Amino acid sequence: MNLSQKPIIPLYKERTFTQKFNDTFDYFGRNWKVYLRMLTYILLPLSMFQALSLNTYMQGMMDIDKINNMSGSDGLLMQFIAGSAATMVFSIIGMTLVFGMTYALMMAYEENKGDISGMTFKELLPKLKRTMLRAATAMVTIDLIAALILLVSIGIAMVSPFLLVLPLFGSFALFIPLSLLFPVYIFERISITEALKKTIVWGFKTWGGIFAICAVISLIVSMVGNMASIPYSILLVMKSMVGITSDLSPIVNSPVYTIATYIMGVLTTFVSYLGYSILAVAIAYQYGHAADKLDDEGITSQINDFDNLANDGRNNSGNNDDTGKNDNTRNNAGNYGYGNGSGYDSNNNQGNTNGKPRFDEIDDFEKL
């Protein structure tokens, strides 16, 4: 059976844990080639830069005893701190790119009825601009929340270290629901404030489901990432263990060995991001589950009444001409949130009957 003949995997559907898990890997089984191609375009260059900082960070971790015991080790310490900070910054950028690209492809998947095998980067670019912008906004929001919690934790620690258990448990309880912020803000036409409110409400109501699917997928992704990092780790450990006077010193300090370590670092970083894209899809299906289950009477039940809603939209449109069309009906269809508007614009394009912005309506990201 051809890919185009397979039934599309819907985003908005109430799912059990097993269905979320199966749909996530089924989706990737169908689309892994286009994902690998698109993610390579944007993540391989980043991985090449990040591997440089990762080498510095990992070498600092290997030489931590030298930093503690050697006099005049300020240079090593500063190198370790710089490598750690750069690795963190690159990781934040990388995760933003992962969510942006993953959700742009999911939008294209819905719009193209499940067939994105022949999609080019140029065709995806309009959606990608919007999803990247919103993914960056969501990432900054989460980072600001994390910074605020860190400041509160420092204040609590100054009062009593024993009270640190409160922000620790609070952070764990909060950041599980916050994982829904990316799909909520990217897929819906709402402000970041509205997205944050919806994320908190839906996140806590489906906390167990989010934790379960994220924990299982993260475990699988971590196992694959750890396996991919074995050659890189071996090269770093060997270099750290070999002394200056050792017979192997010329080998581990040779340009060939250094280049091989760098290439393994690039591969390790890139494979990790590929794994995180699978996690992003799982979070998207968890969001679709929450949206269908919790919003009003559920999106599915609204779609079942599609014909009645469409007829109501044509009969009640604000235009009195014979066609029953209203140029503004698409705006009234609920560009933000889940309205029940419907109808057609002057180009005979059907509006969104359940208020959810259709993916083909949001290519012009500057208007959102």
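A few notes on this one:
- Taking 0.36 nm per residue of separation and subtracting the Cα-Cα distance, full extension of the segment from residue 17 to residue 113 would add 32.1 nm.
- The calculated P(r) of segment 3-293, using every Cα pair and 5 Å bins from 0, goes 1, 5, 10, 13, 15, 15, 13, 10, 7, 5, 3, 1, 0, 0 in percent.
- Sorted on the mean count of surrounding Cβ atoms within 10 Å across their residues, most packed first, peptides 216-229, 102-115 read 102-115, 216-229.
- Put simply, the C-alpha atoms of segment 143-296 give a gyration tensor, and the ellipsoid matching it has half-axes of 40, 23, 13 Å, longest first.
- In this simple spin-label model, placing a label point 7 Å from the Cα along the Cα-to-Cβ direction at both residue 219 and residue 173 gives a separation of 2.4 nm.
- Residue-by-residue Karplus 3J(HN,Hα) for segment 186-191, coefficients 6.51, -1.76, 1.60, Hz, glycine and proline x: 6, 7, 10, 8, 9, 6
- For the listed peptides 94-100, 132-138, a ranking on the average number of other beta carbons within 10 Å per residue, highest first, reads 94-100, 132-138.
- Built from the Cα atoms of segment 1-56, the convex hull projects on average onto 6.1 nm², one quarter of its surface area.
- In nm, spacing of pseudo-spin labels at residue 154 and residue 212 (7 Å Cα→C-beta vector): 4.0
- FRET E, pair residue 32, residue 251, Förster distance 35 Å, beta-carbon r, rounded to 0.05: 0.40
No lab work stands behind these numbers, since they all come straight from the coordinates. Fair warning: this is a prediction, and the values are worked out from it, not measured in the lab. Neighbour counts are summed over all protein chains in view; Cβ atoms, including those assigned to glycine, are modelled from backbone coordinates with ideal geometry.
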